[in-house]
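Asks: So that we are looking at the same thing, I have put the structure below in C-alpha cells.
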Amino acid sequence: MIFEGTALLIARDNVDTDVLYPGPYLNIVDPQQMKWYLFEGLDPSLRDRLREDTILVVGENFGAGSSREHVPLAMKAWGIRCLVGKSFARIFYRNCINLGLLAVPCREAVDAARDGSRLRIDTDAGVIEVDGRVFRMPSLPPFLLDIITCGGLEAWARRRLTTG
Amino acid sequence: MPHTLVEKILLAHTDAADIAPGDIIMVRCDVVLANDISGPVAFRAMERMGARRVFDPQKVVMVADHFTPAKDAMSAALLRSLEEWCESQGVTFYGQGRGGIEHTLLCEEGWVVPGTVIAGGDSHTCTYGALGAFGTGLGSTDIAFCLAFGEFWQVVPGTIQVVFEGTRPPFITGKDLILAVIAHIGVAGGTNHVLEFVGAGAESLSIDERLAVSNMAVEAGAETGLFPADATTAAYLQGRTTRPWVAERSDPHAQFAQRVRIALDALSPLVAAPHSPGNVIPVEDARGVRIDQVYIGNCANGTLTDLRQAAEVLRGRRVHPRVRAIIVPATSSIYRQALREGLIDVFLEAGAIVSPPTCGACFGGHMGVLAAGERAVTTTNRNFRGRMGSPEAEVYLANAWVAASAAVAGEIVHPAEFLAEVRA
C-alpha cells in the first residue's frame, strides 16, 4: 500500500494518551464527537492544522499510558490514515493497527521531516520518502499488514466470521 | 527449549507448537474484562464485527468504576448501557456499590489465578501479574474481538528480569520498588517486554504490595509485571477461588532480554515528581514542597495495606488546614474491613474525606480533580500533565506513608518525621 501526505510534527517524546485525549471526555462513545477533544491537553490548535492528507510525525514512545482508543478513533474521525514515529507505546500501536491506521516506526524519517514535509510511504517496497529523501522502514509483519489492508480488525473479524 | 514464565503461559493459550519473542500468535483468554469507558465502545465494535453473543458468558466480566457514581447525565447513560448489555449477554456485572475498582476487585473475587490470560480494556490490567497471570491492557477493538472470539493477537514479548535484593527498610513499600524499576529502565524501557520480579525482596512482598508493583509495569511500557506464584500467592487464593492453577516459573536457562538488580537495603521512600512516572527522586529531595491535596486510593494503592499505613500516620493527628485529604478504599469489601478496624473513623477524625470506591480523580474524571496551580501527593500511578485536572496542576506519586505524612505536614516530608519506627 502507498500513503502520501503532508507532515504535521509533534516533536516531543513520551506524549501520553491523557494529553492527547483528556479523561473528562472519556464518556463519549461517538468518534464524530470525540474528534473535538483530540490534542485537547497537548495543544488544541493542532486540530486547526489538520488537513485531508495529514500524516502525523511523532517522537519516541508516542501514545504512552492509558489504553483509551478514543485517541486513534478521534484521529481517524479527522481523516488521518497514517503516523510515522520514532517509536510507539504498545497499546496505542495495537489500537492503530486494529483501526486500520498505519503506524510506522522510523527514527531517520522523523529526524528528516519538517512541518509541511511531503511524505510517501510504500509498505510493499518498505521505504519512506521525506521530501524526496528515501529511508528504509522496518517491514510490517504480514499478519499486521493483512489487518491494515482489510481496513482494521473489525473488517478482519467480519471476514473470519463469513469464511468460518 | 527452556522458556520464560510468560512464554509458558502463552504456550498454554495458543495453538503454536513453540514460540519465541517477536512471534505473532493468537492467545486464548481465560477472562475478558472491560469497564464503563472501554466497554460501551467495544460493544459497538463487536456488533460491527457481526458477532451477536459473547464467546463464553462465564469468562466475561464488566465493572462500573470510572465515572461512578455517575458524574453527569452522559456518564449515567453510559453506565446504564453497560448494565443493560451485561444483562442481555448474561455476563457478570459488578455494579455501583457492589464491587469497586476493577483490578483490586477481580483479584479479591477470585477471577485471577496464576498461569491464566486476562485481557482487559484498561491499561492497568497488568496488575494481575501480581498473582502470576498474564493480565494485559488492550483497547476497545481488541476487547471487542476478545468478546466475540475469546482471543487476541499478541507479539510474544521478551522478559526483563528484575531481581529485588536484600530487605526493605521501614517505609519502603511496593510503590517504591516499582518507582525504582521505572527510574532504572525508563518509561519506555519495558516496551515489547514483560517484567518478571524475583529475589528475596520480591518473595517477601505481600499480595497487596505485589499489586502495587505490577500495577505500574505499564508505566515502564511493559505488557505486564509477573510475580511467579509462591506460598504467599497460594495463601491469598485460598478460599477466594475454585479455579485450578499451577505454580510456574522461568526455566533455569531461559533467555532474558535484560536482568536488572535493585538493592533494597539502601532505598529511601521515592516520589515521582511532575509530570512523568519516570521522574523519580528520593523523598528527601522533595522535602518542603507545599501541597494542596492528598489522594490515597486507585487500582495501585487503595488496598487495606495502604489504608492501614495511612491510618498509622493520621491516628491522633489532623490533616493540615490548607490540605484536602481524599481516601478511596478500592473496593466495598476493603471499605468494610477498614470500617471494622476503625480506620475510617481515624480518617474522619483527622479531617479527611472518605470516598466510595471509584477511579474518580485518578484519571481526572471527578471526585477530587485539581485546580490550576494546585499540587497533590497521590498514591496513584500517573502524574502526566493534566491527568488529575488542570494542566497547570502538579502531581507527585508516592506511597501511602508519604502521602499521609504530607497530608499532616502540608508539605512533602519523610514519614519518619512522624513515626519513629514501624514494622516494615
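Asks: Please list, ordered by chain and number, the residues whose modelled amide H lies under 5 Å from the amide H of B:Thr92; skip anything fewer than 5 residues away on the same chain.
Replies: Counting only residues 5 or more places away or on other chains, the set is B:Val60, B:Met62.
Asks: Between B:Ser204 and B:Glu392, how many nm apart are label points set 7 Å from Cα along the C-beta direction?
Replies: For B:Ser204 paired with B:Glu392, the spin-label model returns 4.6 nm.
Asks: Return the distance in nm (one decimal) between the two label points of a simple spin-label model at B:Glu417 and B:Asp251, each offset 7 Å from Cα along Cα→Cβ.
Replies: Label-label distance for B:Glu417 and B:Asp251, simple model: 5.3 nm.
Asks: Still on this structure, please answer the following. If I build a Gaussian network model for chain B, linking alpha-carbon pairs within less than 10 angstrom, which residue out of B:Gly239, B:Gly139, B:Gly389 has the largest mean-square fluctuation?
Replies: Of B:Gly239, B:Gly139, B:Gly389, the most mobile in the Gaussian network model is B:Gly239.
Asks: May I ask you to compute the full-extension gain from B:Asp23 to B:His184, defined as 0.36 nm times their residue separation minus their alpha-carbon distance, rounded to one decimal in nm? Walk me through the numbers on the way to the answer.
Replies: On the way: separation 161, 0.36 × 161 = 57.96 nm, distance 2.72 nm.
Answer, rounded to one decimal: 55.2 nm.
Asks: Let me know the longest stretch in chain B that avoids all GluC sites (Glu not before Pro) found in a DSSP loop with at most 13 other C-beta atoms within 10 Å.
Replies: Values: sites that count: B:Glu392, B:Glu421.
Maximal segment without exposed cleavage sites: B:1-391.
Asks: Kindly list the residues of the range B:151-170 that lie in the label zone of B:Ala263, defined by a backbone N under 15 Å from the point 7 Å along the Cα-to-C-beta vector.
Replies: Within reach of a label on B:Ala263: B:163-169.
Asks: Sticking with this structure for a sec: Antiparallel DSSP bridges in chain A: what percent, to the nearest 5?
Replies: Details: 13 of 27 bridges.
Counting DSSP beta bridges with both partners in chain A, the antiparallel share is about 50 percent.
Asks: If you don't mind, there's one more thing I want to ask. What is chain B's relative contact order, in percent, from Cα pairs under 8 angstrom and six or more apart in sequence?
Replies: Taking the mean separation of contacting Cα pairs over the length of chain B, I get 18 percent.
Asks: Excluding same-chain residues fewer than 8 positions from B:Lys59, which lysines have a Cα within less than 25 Å of its Cα?
Replies: The reachable lysines, counting only those whose Cα sits under 25 Å from B:Lys59, are B:Lys8.
Asks: So if each residue of separation counts as 0.36 nm, and I subtract the Cα-Cα distance between B:Arg80 and B:Thr167, what length gain in nm does that give?
Replies: 26.5 nm
Asks: Moving on to the next point. Do any trypsin sites (Lys or Arg not before Pro) in the range A:1-62 lie in a loop, going by DSSP, with at most 10 other beta-carbon atoms within 10 Å of their beta carbon, and if so which? Don't jump to the answer; show the numbers that get you there.
Replies: On the way: sites: A:Arg12, A:Lys35, A:Arg47, A:Arg49, A:Arg51; in loops: A:Arg12, A:Arg51.
In loop regions of the range A:1-62 (DSSP not H, G, I, E or B), there are no sparsely surrounded trypsin sites (Lys or Arg not before Pro).
Asks: Can you list the trypsin sites (Lys or Arg not before Pro) in the range B:44-91 that are in a DSSP coil and have 11 or fewer other beta carbons within 10 angstrom? Display every interim value, and only then the final one.
Replies: Numbers: sites: B:Arg44, B:Arg48, B:Arg52, B:Arg53, B:Lys59, B:Lys71, B:Arg80; in loops: B:Arg52, B:Arg53, B:Lys71.
Passing sites in the range B:44-91 are B:Arg52.
Asks: Over the range B:88-171, calculate the relative contact order: mean separation of alpha carbon pairs under 8 Å at least 6 apart, over the residue count, as a percent.
Replies: 18 percent
Asks: How much of the DSSP bridge set in the range B:270-417 is antiparallel, in percent, rounded to the nearest 5?
Replies: Numbers: 5 of 19 bridges.
Bridges in the range B:270-417 are about 25 percent antiparallel.
Asks: If you don't mind, there's one more thing I want to ask. Along Cα→Cβ, 7 Å out, is where each label goes; now give me the distance between the ones at A:Val134 and B:Ala12 in nm to one decimal.
Replies: 5.0 nm
Asks: How big is the Cα convex hull of the range A:8-160 in projection, averaged over all directions, in nm²? Don't skip to the answer; put the middle values down first.
Replies: On the way: hull surface 34.2 nm².
Over all viewing directions, the range A:8-160 projects a mean Cα-hull area of 8.6 nm².
Asks: Could you put B:Phe67, A:Phe143 in order, starting from the residue whose Cβ has the fewest other Cβ atoms within 10 Å? List each step's numbers first, then the result.
Replies: Values: B:Phe67 27, A:Phe143 14.
Final ranking by Cβ density, sparse to dense: A:Phe143, B:Phe67.
Asks: Mean-square fluctuation check for chain B, GNM, Cα pairs under 10 Å: which of B:Arg259, B:Arg28, B:Arg290 is largest?
Replies: B:Arg259
Asks: Okay, moving on. Determine the calculated [θ] at 222 nm for chain A from helices alone, applying -39500 (n - 2.57) to every DSSP H run no shorter than 4 residues and normalising by the residue count; nearest 500 deg cm²/dmol.
Replies: Numbers: 7 runs with 51 residues, N = 164.
Result for chain A: -8000 deg cm²/dmol, rounded to the nearest 500.
Asks: Over what distance in Å are the Cα centres of the range B:358-424 and the range B:297-352 separated?
Replies: 13 Å
Asks: Now for a separate question. What FRET efficiency comes out for the pair B:Thr241/B:Glu349, r = Cβ-Cβ distance, R0 = 41 Å, nearest 0.05? Don't skip to the end; give the middle numbers.
Replies: Details: r = 37 Å, r/R0 = 0.89.
Given R0 = 41 Å and the Cβ-Cβ separation, E is 0.65.
All of the numbers you see were taken from the coordinates with simple rules; none came from a lab. Remember, it's a predicted structure, so these values are computed and weren't measured experimentally. Because the Cβ atoms are built from the backbone with ideal geometry, glycine has one as well, and the counts that use them run over all protein chains shown.
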